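Trainee: After the structure tokens below, expect a handful of questions from me.
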Amino acid sequence: MIERRPLSALPSANLGWLKARHHFPLDGQHDPAHMPVKSLYVWNDDQFAAGHGFPLHYHRDVEIITYVRTGVVTHEDTLGNSYQIEAGDVQVMSTGSGLRHSEFNRGKSPLKLFQIWISPNSLGGPPSYATRSFLAREHWNRLTVLASGLPEDASSGALPLRADARLLAGRFEAGGSTRYDVLDGHDLYLVPAAGAVLVNGVRAEEGDGVAVTRETVLEFKALADIELVIVELV
């Protein structure tokens, strides 16, 4: 089954400096039209105004993926880390037994990012983080595993993820297509970060969500230059 969740129908928030769309309900609220997919329960499409962000706040026992679309986010945490994540970068933060962190747009232009939360496959453990870039040209016209907790990806160079899931992304030129075989029992949730795509004939525009369940083969066809972000869940 392929279920499109249009961007325009997603719950939204507007704090002035922050504009957000929520692919899944926040704070455990029940929303039959936007139910979580397995262990994936947050996918926020956030835009930060210049000079604004979230001060130090606490997380525990959640895998947080930050996928920067445009701009630069400054990350600081109670582990002593302070660094910038630029457009094309991906960060995985395993909060484990708990940490506090902040996220700010200290630039002069808007910051756009996806923040994705996945339940871990075990609780506790020391907090950790890792980042990698996704700008290289060799990533075009194919899907790349950027982060994974699946055994089959252990030697792929993907960022470690303490969850039964993987993060994939791909940029495709207009007219390009690719096939993806879905393993039995796996489900996916995907969002075009840019462009428009057909997913087994179902059209999704930039920012739309697509929940994929009980499918064995997916064909992605780019209707324009696209950037796809996908979470696959066991």
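The values are calculated or read from the model by the stated rules, or taken from the named source; none is laboratory data. For clarity, every value in this text was computed on a predicted model and none was experimentally measured. With ideal geometry, Cβ positions are generated from the backbone for all residues, glycine too; neighbour counts draw on all protein chains shown. Calculation scope for accessible area: heavy atoms of the full protein, side chains included, ligands and nucleic acids excluded. Shrake-Rupley method; radii C 1.70, N 1.55, O 1.52, S 1.80 Å.
Trainee: Using the structure shown, decide if Gly209 is within 23 Å of Leu111 (Cα to Cα) and in contact with a His (Cβ under 7 Å, 6 or more places away or on another chain).
Mentor: Yes; evaluated as a whole, the condition is true for this residue.
Trainee: Looking at Asp153, Asp187, Asp181 in this structure, which one is among the charged types (D, E, K, R) and in contact with a Leu (Cβ under 7 Å, 6 or more places away or on another chain)?
Mentor: After ruling out the rest, the residue left standing is Asp187.
Trainee: Another one. Could you tell me which of the residues Tyr189, Tyr129 is touching a residue at least 60 places away in the same chain (Cβ under 8 Å) and within 17 Å of the chain's Cα centre (by Cα)?
Mentor: Testing whether each residue is touching a residue at least 60 places away in the same chain (Cβ under 8 Å) and within 17 Å of the chain's Cα centre (by Cα) leaves just Tyr189.
Trainee: Give me a count of the residues in region 87-104 that are open to solvent by 20 Å² or more (accessible area, probe 1.4 Å) and in contact with a Ser or Thr (Cβ under 7 Å, 6 or more places away or on another chain).
Mentor: Residues in region 87-104 being open to solvent by 20 Å² or more (accessible area, probe 1.4 Å) and in contact with a Ser or Thr (Cβ under 7 Å, 6 or more places away or on another chain): 4 in total.
Trainee: Of Thr66, Thr70, which residue is surrounded by 18 or more Cβ atoms within 10 Å (Cβ to Cβ) and polar (S, T, N, Q)?
Mentor: After applying the criteria, what remains is Thr66.
Trainee: Starting from residues that are aromatic (Phe, Trp, Tyr) and within 18 Å of Thr78 (Cβ to Cβ), keep the ones in region 43-63 and report whichever is most open to solvent (accessible area, probe 1.4 Å).
Mentor: Going through the qualifying residues, I end up with Tyr58.
Trainee: Something else now. What are the residues in region 9-38 that are in contact with a strand residue (DSSP E or B) (Cβ under 7 Å, 6 or more places away or on another chain), assigned to a loop (DSSP other than H, G, I, E, B) and surrounded by 18 or more Cβ atoms within 10 Å (Cβ to Cβ), if any?
Mentor: Within region 9-38, Leu10, His23, Phe24, Lys38 qualify.
Trainee: For region 121-179, give me the residue count where each residue is of a type in the set (A, V, I, L, M) and in a strand (DSSP E or B).
Mentor: Selection size over region 121-179: 9.
Trainee: Give just the number: which of (1) in contact (Cβ under 8 Å) with a residue 60 or more places away in the chain; (2) within 25 Å of Met35 (Cα to Cα); (3) touching a Ser or Thr at 6+ places or on another chain (Cβ under 9 Å) does Leu150 not satisfy?
Mentor: Leu150 satisfies every listed condition except (3).
Trainee: How many of the residues making up region 203-225 are in contact with an Asp or Glu (Cβ under 9 Å, 6 or more places away or on another chain), outside any loop (DSSP other than H, G, I, E, B) and under 14 Å from Tyr180 (Cβ atoms)?
Mentor: The total comes to 5.
Trainee: Within the bounds of region 106-125, is there any residue that is of a type in the set (S, T, N, Q), open to solvent by less than 40 Å² (accessible area, probe 1.4 Å) and within 25 Å of Leu26 (Cα to Cα)?
Mentor: yes
Residue-wise test of (1) closer than 21 Å to Val90 by Cβ; (2) open to solvent by 10 Å² or more (accessible area, probe 1.4 Å); (3) acidic (Asp, Glu).
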position: Gly157; (1), (2), (3): yes, yes, no
position: Arg179; (1), (2), (3): no, yes, no
position: His186; (1), (2), (3): yes, yes, no
position: Asn200; (1), (2), (3): no, yes, no
position: Gly207; (1), (2), (3): yes, no, no
position: Leu233; (1), (2), (3): yes, no, no
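Trainee: Do you know which residues across region 209-226 are open to solvent by 60 Å² or more (accessible area, probe 1.4 Å) and hydrophobic (A, V, I, L, M, F, W, C)?
Mentor: If the condition is that a residue be open to solvent by 60 Å² or more (accessible area, probe 1.4 Å) and hydrophobic (A, V, I, L, M, F, W, C), then Leu223 is the only one that fits.
Trainee: Now, a different point. Against the conditions (1) open to solvent by 10 Å² or more (accessible area, probe 1.4 Å); (2) at pLDDT 95 or above; (3) β-branched (Val, Ile, Thr), where does Thr131 fall short? Just the number, please.
Mentor: Status for Thr131: all satisfied but (2).
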